[in-house]
Structures are given as C-alpha cells and as structure tokens.
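Data first, discussion second: the structure below is written as structure tokens.
The values are calculated or read from the model by the stated rules, or taken from the named source; none is laboratory data. Computed from a predicted structure; not experimentally measured. Cβ atoms come from the backbone with ideal geometry, glycine included; neighbour counts cover every protein chain shown. All accessible areas refer to the heavy atoms of the entire protein, side chains included, with ligands and DNA or RNA removed. Shrake-Rupley method; radii C 1.70, N 1.55, O 1.52, S 1.80 Å.
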Amino acid sequence: MPFRLLAPLGLLCLLLPLHRGAPGPDGSAPDPAHYRERVKAMFYHAYDSYLENAFPYDELRPLTCDGHDTWGSFSLTLIDALDTLLILGNVSEFQRVVEVLQDNLDFDIDVNASVFETNIRVVGGLLSAHLLSKKAGVEVEAGWPCAGPLLSMAEEAARKLLPAFQTPTGMPYGTVNLLHGVNPGETPVTCTAGIGTFIVEFATLSSLTGDPVFEDVARVALMRLWESRSDIGLSLIGDIDNAMRTFLNYYTVWKQFGGLPEFYNIPQGYTVEKREGYPLRPELIESAMYLYRATGDPTLLELGRDAVESIEKISKVECGFATIKDLRDHKLDNRMESFFLAETVKYLYLLFDPTNFIHNNGSTFDAVITPYGECILGAGGYIFNTEAHPIDPAALHCCRRLKEEQWEVEDLMKEFYSLKQGKSRFQKTTMSSGPWKPPAGPGTFSSAENHDGVREKKPTKQRIPLLSCPSQPFTSKLALLGQVFLDSS
C-alpha cells in the first residue's frame, strides 16, 4: 500500500514530543476533542450497522443492509475492529467480542482464503487483541502472554496458511484452502506484499508460542524476495521534508476529488480512470498521524478534519459507510471493507487523541508477574502491522527469556556436575603431562559430544530486545545469592 514506506519513520516519531495547539494558517487549528468525538460516532455507526445487519459474515454491504463473506468466512470485521474498541476505551464490548470469538470462530472450513489478507487481518488482529487483553480487563490465564485463547486462535489461523509456503523458493502462494491446502491449479503469480509482510505476525507467533516454524518461513520468504530485487535496488523516502512534500501532493488530490485514486499515473501525478477511490482509504491518514507526532504541523490536523467531513458527506449511508467506486461521479459501491474500522477510524482517532495509551513514550508501564518472571508491558513503542493492529514488542521478551533461561539452567547444572565429578576423579589419579580430559560414557554430562550439543542451543550472546528491562543471566543470579560455585576450590 502507498505510504507503508513511512511506517518505520512513523514508529520512531511516536516517541517525539507532540506540539499541541499549534495554530493553522487562519490562526486556529481543528479542535482535537471535537473531531475525536466525531470519529468515535463514525466508528459506532459503522460497527453497530455491521452487528445488526451483517454479522457473522465477513463484511457489511451498506446499500442493501446485509452481509457477505469476502476474504474467508471469519466474521472478519469483528476481528479487525477488536483492538480499535480498546483504543476508543470500550473495554466491555472488547470483553464481549472475545467471548463471541471463542464460541464461534472456526478455521476448519472448506474456504479458499487470501494468505496475505488472512495474515494481516485475522492473525494480526487476534495477536494484537491477545496482547492487549489484560489492559482491556480480560481475565487472563496463568502463563499469559505466552498462552491464552486469542493466541491459540491466531496460531490455528497461521497454521492453516503454512502450506502456502511449501514452494521451491519459499515464497508463498496467494491463496490457500483452509481445509485442503493449496489447490492444484493455484496460480504461481502473487504480489510483493503477499510475500514480504509476514514477519511481524509470524515472528510474534514464534516468540509467544516457542514454535520457530512461523518466523522461519516468513524470514525465508522475505529474504528470497530481497534476493530477487532488480539491479538498481530499492529506494525509500529518507527524511521528514521529503515525506511532507509527498504527503502534501497527495493531500492536494484528496481535496480536489474528495478521496484518493487507487492507482496513479506518474507523469500526470494521478489518474482516476474508472478506478476505485476512497475517502475511507487509510494510507494518507496513517501518514498524517505519524507525521503530526513528528512535526506538530497543523496542516496534518486539517487533513484529519477534511477526512472526517468527506467520509460523513460522501460515504455515509443509513447502514454504514460505502466505498466510492469512481471518484469522478462519487458513485457508491455496496461494500464496507473491514479495514475501515481497523485502519481508517483508528488512525483518525489517534491523530486527534495525543494522550492515548498507544502514544505512550515509556513514562508509564505495567509490570506483569508470570510463572516465568516479571514482564514490562504497555510502555509504548507499538509496532503496527499492515492492517494497523498494534503489537507490543516487550511482550515477546517475556516468552523468549523463559526458553533462554531454561537453556542456561540446563547448561549450568551439567557444568556443575561435570566439574564435581571431574574434581573427584582428578584427586584419585596421578598428574599427567597432557591436558586433563573427562571420561566419556553413558550418563556423563561432560562428554564432548553432549557438551557441544547443549552449547549449540544456547545463544552465543544474550539478546535483550529494545523496550524491555535487562535481566541478568540465570548464572549471575545464583552466583549473587551464593547458591552455586563453579570454581575448582
């Protein structure tokens, strides 16, 4: 999608101070509180219309006030809207929807599903909701965030996608049947986004569940895509000034047509030839939210204001919001995509809500005690996936640390018994001129083969992820307590 290239810049900018109340060209800026409430009303008009007219289908058809399955058969809009409910502060509805999904969501169905869309909307939406569930007041089970029903659902959905990665290159097919795998006649042609955007969701799954298969296939697909790049390589927008210029060009088109074309003609700057365009599309609003956090430029608030008014004026109907099929005549299409609640409304609300927990700069956090130790969560630095589902990276360290410390304990105990046994044998033998070698045999912890095998599992250097509190190795903790001594005295 356009403007995805600005996401890394935006994530860094979330930590920068926000310039509040900056005046616009006429000396005033849109009132964030006023437009925040209008965005919230927009969300509930769409959300309630979906529940009343379309659930349990994937998406709402707002012109006929009914529903239809689009990307699978998952009650997709409900999953996509779940974390937005919490961002808007509705914890009770978040809790209710979690129960509904637990009772009704089923992936053992004979449906051809988009691998890309299922990942960003379903897997990403469930993972985000899982990591936010404690903040939403959901009673979590022991071991959370390394366990939980939403995590189990996300894992089940992702496993249904794994057959698509069984290709000669490791790059996935675009479609997979959730019951039977890849269809024999499936086209080998897919898009770059359908190859390279799995790493956030699949690496998160591997970190939380301990199963490396998800991160492995996503990493292979990403690297194969990178290796197939053209000779000239790739170029990215590299600074805020260029980003602002690009953004303002898009904004000019928005104001002229009441929305953005889906495809552009580079020499002309834009084209709207019989192509769909959407004031509902999230790309420009996403960039506005990121850039406003970085610059405080009131033009970005003005864009948010214009977006709200355009959506209400052009796309709002009795049963929700409709896509604009053609920007030239504003003809409406009978579809409300689930990303309207996952992305468009979310980014608009965050643009006008500078104190939302998503914008946390690390000044506050939650300490969660788990069976595996203490985890620091909710400190900010959320990573948005392609569908705007925020992932808290600090949670991943909670589960990874458990596995690393298990390896340290195993190595520690084997080394301890090896030295103890070696010391006893050494005292009973005569000193030789050659180096001492511990005897090998069944049950001997210090055999070279066993010792090397264990060391292969242990990371050569303990990795401490960003936005997490450093933790001493397990050996250091025991040594400080005087519990274990590994010297030969």
**Request:** Determine which single condition residue 125 fails, assuming it passes every other condition in (1) under 13 Å from residue 74 (Cβ atoms); (2) more than 12 Å from the chain's Cα centre (by Cα); (3) not polar (S, T, N, Q).
**Result:** (2)
**Message:** Checking the condition basic (Lys, Arg), closer than 29 Å to residue 52 by Cα and surrounded by fewer than 15 Cβ atoms within 10 Å (Cβ to Cβ), which residue from 325, 346, 331 passes?
**Reply:** 331
**Request:** Select from the range 141-166 the residues that are outside any helix (DSSP H, G or I) and surrounded by fewer than 18 Cβ atoms within 10 Å (Cβ to Cβ) and write down the one among them that is modelled with the highest pLDDT.
**Result:** 166
**Request:** Might you check whether a residue that is open to solvent by less than 70 Å² (accessible area, probe 1.4 Å), among the hydrophobic types (A, V, I, L, M, F, W, C), within 22 Å of the chain's Cα centre (by Cα) and at pLDDT 60 or above occurs anywhere in the range 240-259?
**Result:** no
**Asked** Going by the structure shown, is residue 307 in contact (Cβ under 8 Å) with a residue 24 or more places away in the chain, more than 14 Å from residue 84 (Cα to Cα), open to solvent by 10 Å² or more (accessible area, probe 1.4 Å) and in a helix (DSSP H, G or I)?
**Response** no
**Request:** Report, by residue number, each residue of the range 167-186 that is open to solvent by less than 70 Å² (accessible area, probe 1.4 Å) and either among the aromatic types (Phe, Trp, Tyr) or part of a loop (DSSP other than H, G, I, E, B) (or both).
**Result:** 167, 169, 170, 171, 172, 173, 174, 178, 182, 183, 186
**Prompt:** Of the residues that sit in the range 59-72 and are in a loop (DSSP other than H, G, I, E, B), under 24 Å from residue 176 (Cα atoms) and in contact with a strand residue (DSSP E or B) (Cβ under 7 Å, 6 or more places away or on another chain), which one is most open to solvent (accessible area, probe 1.4 Å)?
**Reply:** 71
**Request:** Scan the range 127-156 and report the pairs whose first residue is of a type in the set (Lys, Arg) and whose second residue is open to solvent by 10 Å² or more (accessible area, probe 1.4 Å), with Cβ atoms within less than 6 Å and a gap of 6+ or a chain change.
**Result:** 134/140
**Request:** Mind listing whichever residues of the range 46-58 are part of a helix (DSSP H, G or I) and among the aromatic types (Phe, Trp, Tyr)?
**Result:** 47, 50
**Request:** Please enumerate the residues belonging to the range 316-345 that are touching a residue at least 40 places away in the same chain (Cβ under 8 Å), over 15 Å from residue 45 (Cβ atoms) and charged (D, E, K, R).
**Result:** 325, 326, 328, 333, 335, 337, 343
**Request:** Return yes when residue 98 is in contact with a Pro (Cβ under 8 Å, 6 or more places away or on another chain) and over 18 Å from residue 158 (Cα atoms) and no when it is not.
**Result:** yes
